[in-house]
1. For region 147-164, which positions are of a type outside the set (A, V, I, L, M) and within 17 Å of the chain's Cα centre (by Cα)?
2. Of all residues being small (Gly, Ala, Ser) and touching a strand residue (DSSP E or B) at 6+ places or on another chain (Cβ under 6 Å) in region 73-114, which is modelled with the highest pLDDT? Just the residue, please.
3. Whether any residue in region 115-132 is over 23 Å from Pro176 (Cβ atoms) and either within 15 Å of the chain's Cα centre (by Cα) or touching a residue at least 60 places away in the same chain (Cβ under 8 Å) (or both) is what I want to check.
4. Report, by residue number, each residue of region 100-138 that is aliphatic (A, V, I, L, M) and closer than 30 Å to Cys209 by Cβ.
5. Just to check your reading of the model, which residue among Arg105, Arg142, Arg146, Arg97 is surrounded by fewer than 16 Cβ atoms within 10 Å (Cβ to Cβ), closer than 23 Å to Gln82 by Cα, free of Cβ contacts under 8 Å to residues at least 40 places away in the same chain and of a type outside the set (Gly, Ala, Ser)?
6. Please enumerate the residues belonging to region 90-109 that are charged (D, E, K, R) and either touching a Pro at 6+ places or on another chain (Cβ under 9 Å) or under 19 Å from Pro40 (Cβ atoms) (or both).
7. Among the residues of region 58-80, which ones are of a type in the set (S, T, N, Q), surrounded by fewer than 19 Cβ atoms within 10 Å (Cβ to Cβ) and within 18 Å of the chain's Cα centre (by Cα)?
8. Name the residues in region 131-172 that are in a loop (DSSP other than H, G, I, E, B) and either in contact with a Phe, Trp or Tyr (Cβ under 9 Å, 6 or more places away or on another chain) or of a type in the set (Asp, Glu) (or both), would you?
Amino acid sequence: MPARAHRGAHLRVECPPRIDTTILIVPSSRFSSHKFHREPAWQALRRVPSTHVPHNWRHWLLDRGSLTERLLVKSRGQLRVQLLKQQLERPRLSECRDLALPVRRLALVREVILHGNHRPWVYARSILPLSTLTGRLRSLRRLDNRPLGQLLFNDPTMVRGPFQIACLTPGNCEFPPEAGPVNQPLWGRRSIFRLDQKPVLVSEIFLPCFDPTAFSPYNGPDPSPDLRLHRIR
């Protein structure tokens, strides 16, 4: 478990040794065909024993509600969305696999940093297949600095799939400079949302400036029958 941080200090995150931190090396559309992109080994939550997730991170990794709303409460309304990019490109291999997309198929890739109290708290990456961006969901093409999570949770047709979690490091994940220096393992989660049965993959990575121990409302864990978290605290 991570040690308690002093007030104002960065909280050090230590991933349990049995969490799989395998690096998947796959081609990336960001680079030429002679270079490669590294991905963390995302694991289905049901495959990760509850004892491997530190107590102070469970409330954040397993919360089924809107992360945006929870961060708004934690920051006392001082939450800002910084848009890093929103453009058509090829998703990463594991993202294509989860969305059942052909490897060379383009999708809208959106990356943002969520700043709480003027500090980078969460790096979020969303993959929106072009087949999702049709009909009334065309508006997702023009989100800009508006939070995607707010729109997802306000949609009456929204259904959220199971979580995957991962320990991320500079060795298995590419972090944007806006995330700040990353010299420790970080916790992340991702899941597929469906609006009108159309998928959107959202990954959320908690950055070093984020302190999970501070109080904010909790919306309950992922209701997986294989996950025994009866004593969350």
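1. Initially, region 147-164 is screened for residues of a type outside the set (A, V, I, L, M), giving 147, 149-150, 153-157, 160-164.
If the condition is that a residue be of a type outside the set (A, V, I, L, M) and within 17 Å of the chain's Cα centre (by Cα), then Pro147, Gly149, Gln150, Phe153, Arg160, Gly161, Pro162, Phe163, Gln164 are the ones that fit.
2. So in region 73-114, the residues small (Gly, Ala, Ser) come out as 75, 77, 94, 100, 107.
From the residues that got through so far, the ones that are touching a strand residue (DSSP E or B) at 6+ places or on another chain (Cβ under 6 Å) too are 75, 94, 107.
Working: Ser75: 93, Ser94: 93, Ala107: 98.
Taking the candidates together, the pick is Ala107.
3. First, pick out the residues of region 115-132 that are over 23 Å from Pro176 (Cβ atoms): 130-132.
Okay, now just the ones that are also either within 15 Å of the chain's Cα centre (by Cα) or touching a residue at least 60 places away in the same chain (Cβ under 8 Å) (or both), so 131-132.
The answer is yes; a qualifying residue exists.
4. Looking only at region 100-138, we keep the residues that are aliphatic (A, V, I, L, M), and these are 100-101, 103, 106-109, 112-114, 122, 124, 127-128, 130, 133, 137.
Matches in region 100-138: Ala107, Leu108, Val109, Val112, Ile113, Leu114, Val122, Ala124, Ile127, Leu128.
5. Details: Arg105 fails: closer than 23 Å to Gln82 by Cα; Arg146 fails: free of Cβ contacts under 8 Å to residues at least 40 places away in the same chain; Arg97 fails: closer than 23 Å to Gln82 by Cα.
Sole residue among the options that is surrounded by fewer than 16 Cβ atoms within 10 Å (Cβ to Cβ), closer than 23 Å to Gln82 by Cα, free of Cβ contacts under 8 Å to residues at least 40 places away in the same chain and of a type outside the set (Gly, Ala, Ser): Arg142.
6. Just the residues of region 90-109 that are charged (D, E, K, R), to begin with: 90, 92, 95, 97-98, 104-105.
Once the filter is applied, which keeps residues that are charged (D, E, K, R) and either touching a Pro at 6+ places or on another chain (Cβ under 9 Å) or under 19 Å from Pro40 (Cβ atoms) (or both), region 90-109 yields Arg90, Arg92, Glu95, Arg97, Asp98, Arg105.
7. Kept after step one, since they are of a type in the set (S, T, N, Q), are these residues of region 58-80: 66, 68, 75, 78.
Filter again for surrounded by fewer than 19 Cβ atoms within 10 Å (Cβ to Cβ), leaving 66, 78.
Once the filter is applied, which keeps residues that are of a type in the set (S, T, N, Q), surrounded by fewer than 19 Cβ atoms within 10 Å (Cβ to Cβ) and within 18 Å of the chain's Cα centre (by Cα), region 58-80 yields only Ser66.
8. The initial filter retains those residues of region 131-172 that are in a loop (DSSP other than H, G, I, E, B), namely 131-134, 143-147, 155-158, 161-163, 169-172.
Listed by number, the residues that qualify are Asp144, Asp155, Met158, Gly161.
The values are calculated or read from the model by the stated rules, or taken from the named source; none is laboratory data. Remember, it's a predicted structure, so these values are computed and weren't measured experimentally. FYI the Cβ positions are ideal-geometry reconstructions off the backbone, even for glycines, and counts take in every protein chain you see.
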